[in-house]
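Asks: Can you read through this structure? Questions will come right after.
The values are calculated or read from the model by the stated rules, or taken from the named source; none is laboratory data. Please read these numbers as outputs of a predicted model, since none were measured by experiment. Every residue, glycine among them, receives a Cβ derived from its backbone with ideal geometry; neighbour counts consider all protein chains shown.
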């Protein structure tokens, strides 16, 4: 496992930003406990793409190893998440082929063509399950996270209205949605339901092309990140993305006047985000100053509609840990 970690801190107006290049677990260990209001991420999927870096997650030999590696990362996310914080996790699934290495090319996405060069475990026979079966990875990961102490609060269906067609899928529906799981660290937490704007657990949000790291073929759409931040993070709050990738989480946090820390294993991804932060006027800062800021309380928290202490059942007193009344 790579041990080298590169840390960059910036101040942009009233926002404090951190970018860490390196292994996600080692990078998260550089951050203080109990500080982020919301974590938002979409990790690499199992044998779907090749990001061209050693020790990348997503190229494990088995589903079980993949799930364990991600759950280990999210153990550290849980440590750095505020006790009242929430975690939005977007994760997709993979099919088991068992038919050997595919041929030809994928005109939709060049990062998928690695499977024509490298034999993926999911293309090898002998798994003991039917060929062409969906592996159920999102739920396997969700259940593992439950076993490690996370509360799974919602399975949000992200309807990707303009998702790629799948012309080779002649005997099943094309995949148009993905899961966005909402986890909480604690039973009682802060959350602004009004920011859902009536969408509840079906989010109709089209896919967007990457605007910063344009070779990243699986970017978050900005509107999805906006909703996650609006529901899970107060004004002036703190956002975390442990698989920053295209940089959408950080750019959206900046636009919404939130501070943010992003982590990625691929140096070219973090360096492109650094360039954008510098173009926006970000000033270099000491990492110790960022850590101090992350530990400090947010004076806007108590004013926020979603603050736990502002929640109450109809006719009840405001929630406190003493009376433990919560919707």
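Asks: Pick from 160, 193, 172: which is more than 19 Å from the chain's Cα centre (by Cα) and within 25 Å of residue 74 (Cβ to Cβ)?
Replies: Going through 160, 193, 172 in turn, just one is more than 19 Å from the chain's Cα centre (by Cα) and within 25 Å of residue 74 (Cβ to Cβ): 193.
Asks: Just to be sure before I move on: is residue 190 assigned to a loop (DSSP other than H, G, I, E, B) and closer than 17 Å to residue 233 by Cα in the structure I sent?
Replies: So residue 190 passes the test.
Asks: On to the next question. Which residues, taken from region 281-308, are in contact with a strand residue (DSSP E or B) (Cβ under 9 Å, 6 or more places away or on another chain) and surrounded by 13 or more Cβ atoms within 10 Å (Cβ to Cβ)?
Replies: Within region 281-308, 282, 285, 287, 290, 291, 293, 294, 298, 301, 307, 308 meet the criteria.
Asks: For residue 34, state whether it is part of a loop (DSSP other than H, G, I, E, B), within 25 Å of residue 230 (Cβ to Cβ) and at pLDDT 95 or above.
Replies: The answer is yes for residue 34.
Asks: Considering only region 1-17, state which residues are at pLDDT 90 or above and part of a loop (DSSP other than H, G, I, E, B).
Replies: The answer is 5, 13, 14.
Asks: On to the next question. Among residues belonging to region 253-295 that are within 24 Å of residue 225 (Cβ to Cβ), out of contact with any helix residue (DSSP H, G or I) (no Cβ under 8 Å at 6 or more places or on another chain) and in a loop (DSSP other than H, G, I, E, B), point out the one that is modelled with the lowest pLDDT.
Replies: 266
Asks: Would region 134-143 turn up any residue that is at pLDDT 95 or above, surrounded by 12 or more Cβ atoms within 10 Å (Cβ to Cβ) and on the phi > 0 side of the Ramachandran plot?
Replies: yes
Asks: Go through region 48-83 and give me each residue that's touching a strand residue (DSSP E or B) at 6+ places or on another chain (Cβ under 9 Å) and in a strand (DSSP E or B).
Replies: 81, 82, listed by residue number.
Asks: Hey, can you tell me all the residues within region 46-59 that are surrounded by fewer than 17 Cβ atoms within 10 Å (Cβ to Cβ) and within 17 Å of residue 25 (Cα to Cα)?
Replies: Correct list: 53, 54, 55, 56.
Asks: Test residue 87 against the stated conditions and say whether it is touching a strand residue (DSSP E or B) at 6+ places or on another chain (Cβ under 7 Å), under 23 Å from residue 232 (Cβ atoms) and at pLDDT 85 or above.
Replies: When the stated conditions are applied, residue 87 passes them.
Asks: State which residue pairs qualify: first residue under 11 Å from residue 30 (Cβ atoms) and inside region 287-303, second residue part of a helix (DSSP H, G or I) in any location, beta carbons under 9 Å apart, and separation of 6 or more residues or different chains.
Replies: These pairs meet every condition: 294/80.
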